[in-house]
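**Q** This is the structure I want to talk about, given as structure tokens.
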Ligand code: SF4
Ligand code: SF4
């Protein structure tokens, strides 16, 4: 008997659609999925988090630095489906999403996964019927920038300095103080933003780091991610201006 046909894998949901002849509410019978049917739905929600076991994919050229990015500790990220925003509890490296879309960079509507035979470990392990399994041991297993760039001391120093000047912990605290009316908070936010904006072209000009790799080395630009705090940045010449994002009701 196939796994999904076993009685323990059937789900019965009471529906308001009618009554059995006995008078009890009708039951809608469904089979609980117990194996992957390669429908690609999980790939449409975004790229996977990478683990230490995925490091050889960079070394073999299946993944490049341009196809991955860093979510920094404390960065505000959205859950799949955009229902909630939460602060990332730790640094995570992910495969990029497609430009202007949510799906994984490697997902094709017709062809499916372009690297299926070499897909990252999270893609192999993911079970949409038991998504919580994926979080088990993630803190220990996750890949970090230290593992990727460990042999390039100067990059690790630049990453550490960037965290010191522009960490999300510092930024969140400053936004909280701003909400309480502290004017100093604006200066602190702008300091963090300016450092993040300055260090990106510096890396490209001084060390010939390709622009597409910067989101992996430094995380996504603060001028973009600051939107999750309810603010946007406008540029006027060399000046940056911090403006609250108007909600639909405020417009
Ligand atoms: S894990 Fe689930 S959502 Fe993802 S491809 Fe397999 S069946 Fe589809
Ligand atoms: S790497 Fe492949 S399997 Fe994994 S999310 Fe992307 S398209 Fe899906």
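Bear in mind these aren't lab numbers, they're just calculated from the coordinates by the rules spelled out. As the structure is a computational prediction, the values presented were derived from the model and not from experiment. Cβ atoms come from the backbone with ideal geometry, glycine included; neighbour counts cover every protein chain shown.
**Q** May I ask you to give the average projected area over all directions of the convex hull of the Cα atoms of the stretch 37-144, in nm² rounded to one decimal?
**A** 6.9 nm²
**Q** Right, next: Can you tell me how the stretch 131-200 classifies by the Cα gyration tensor, rounded, prolate or oblate, using a/c under 1.5 as the rounded cut?
**A** oblate
**Q** Give me log10 I(q)/I(0) at q = 0.15, 0.16 Å⁻¹ for the stretch 150-251, Debye formula, one equal scatterer per alpha-carbon, no solvent.
**A** Reported log10 I(q)/I(0), two decimals: -0.66, -0.74.
**Q** Now for a separate question. Only counting other Cβ atoms within 10 Å, I'd like 52, 140 sorted with the fewest neighbours first.
**A** 140, 52
**Q** Sticking with this one: Given points 7 Å out from each Cα along the Cα-Cβ axis, report the residue 154 to residue 236 separation in nanometres with one decimal.
**A** 3.8 nm
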